[in-house]
Amino acid sequence: MVAISLPDRMRASLLGYWRDARPSQRFAYVVGGALVVVGLAHLVAWLVVGGAWAGPVPFRKPTTFGISFGLTTITLAWVTGQQQVSDRTGWLLLVPLATADTSEVIWVSVQRWRGVPSHFNFDTTLDTWLFLLGGAAIVVTVTVILVLTVLAFTAMQGLPSMVFAIRVGLLILLVAQGVGGWMIGHGVGPASDGQTVGLTTFGAAGVMKVPHAVAIHAIQVLPALAWLLSFAALPERRRLGLVRIASLGYAALVVVSVLQTATGLAPFDVGVAAAVLYLLGIALLGGAFLAALLALRNPRPASA
């Protein structure tokens, strides 16, 4: 019998997610991949053409929206494959999700190339309607995330470590959506009164985008750790323990970023308590990934 190397097994595992995917998942994978390409294309355009990266009409927004919405679409499609749901339910969840996420990326991209802000822009009827449609699309996305979170606690299948990672990742993703709603609600009033700066700044210097960005990618980071651990020759109880440690660390980073914002402090304008939470979160999350990488020096047998 020819031994299969660890990189080859990892590659086969990733390809297997496509090979074994339902048609609805493959549809969402393709859409999500296209959104990531759109985001990267805007990054390249900024590097080649130049222009503002930040500010009211930045290249940053279509870049980050494309990459983040694309990764979220792909990840949530993958999550449905870990749940005991019918093909019909998969289509009912993933088509609205892919449509809503695509509309978000198209909206911010079109506004960037029109040379006008996307968010909080009520200058014309078109701008107002595009902003409202963007809000409606987010409602669809949040609804799908809520349904998937409920299913994660009622219809999951898989190793306990992966199940735990998905559950925590989805819960933190809901926190990200809550922060996004807080951000929009905070900025709409001043924008309606004509204010154009500081619309996502809470208090003196709280950057509302930071906790939103931190929380939005837990659903990729924590399952990625569980996936890495699945190749290690560790008992499942040990894998689950490491995922729990990483989840605690990630939660600490989300909590401190929310508290910094809610108190009107800049992300790194930290006191003792915030510094402790930052360091705790980084140590727990980083330590869990380091332990996983070290464990991979002794991979489990291919048949285990």
On C-alpha positions alone, give me the angle between the axis of helix 160-192 and the longest principal axis of the chain, in degrees, nearest 10. 0 degrees
Could you tell me how many degrees, from 0 to 90 and to the nearest 10, lie between the Cα long axis of helix 23-49 and the main elongation axis, the longest principal axis, of the Cα atoms of the chain? 50 degrees
For VAL207, residues with placed amide H under 5 Å, excluding near neighbours: PHE202
The chain - mean residue ellipticity at 222 nm from DSSP helices (-39,500 (n - 2.57) per run, n ≥ 4, rounded to 500): -26000 deg cm²/dmol
For the residue pair ARG297 and ALA52, what label-to-label distance in nm results when each label sits 7 Å from Cα along the Cα-to-beta-carbon direction? 5.1 nm
Using r as the Cβ-Cβ distance of ASP87 and ALA204, and R0 as 41 Å, what FRET efficiency do you calculate, to the nearest 0.05? 0.20
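Can you tell me the accessible area per residue over the chain, all protein chains present, probe 1.4 angstrom, in square angstrom?
That works out to 48 Å² for each residue.
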Interchain or sequence-distant (5+) residues whose placed amide H lies within less than 5 Å of the amide H of ALA232 are ARG300
When Lys and Arg each count +1 and Asp and Glu each count -1, what net charge do the other residues less than 15 Å away from VAL210, Cβ to Cβ, add up to? +1
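Hey, could you get me the Stokes-Einstein D for the range 141-279, Kirkwood radius over alpha-carbon pairs, 37 °C and 0.692 mPa s, rounded to whole µm² s⁻¹?
Roughly 201 µm²/s, to the nearest whole number.
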Accessible-area composition of the chain, carbon plus sulfur, in percent [1.4 Å probe]: 72 percent
How far, in degrees from 0 to 90, does helix 60-81 lean away from the longest principal axis of the Cα atoms of the chain, to the nearest 10? 40 degrees
Please give the Cα centre distance for the range 260-292 versus the range 191-254, rounded to the nearest Å. 11 Å
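The values are calculated or read from the model by the stated rules, or taken from the named source; none is laboratory data. The model shown is predicted, which means the values in this text are computed figures rather than measured ones. In this analysis, Cβ positions are derived from the backbone assuming ideal geometry, glycine residues included, and neighbour counts consider all displayed protein chains. SASA here: full protein model, heavy atoms, side chains in, ligands and nucleic acids out. Shrake-Rupley method; radii C 1.70, N 1.55, O 1.52, S 1.80 Å.
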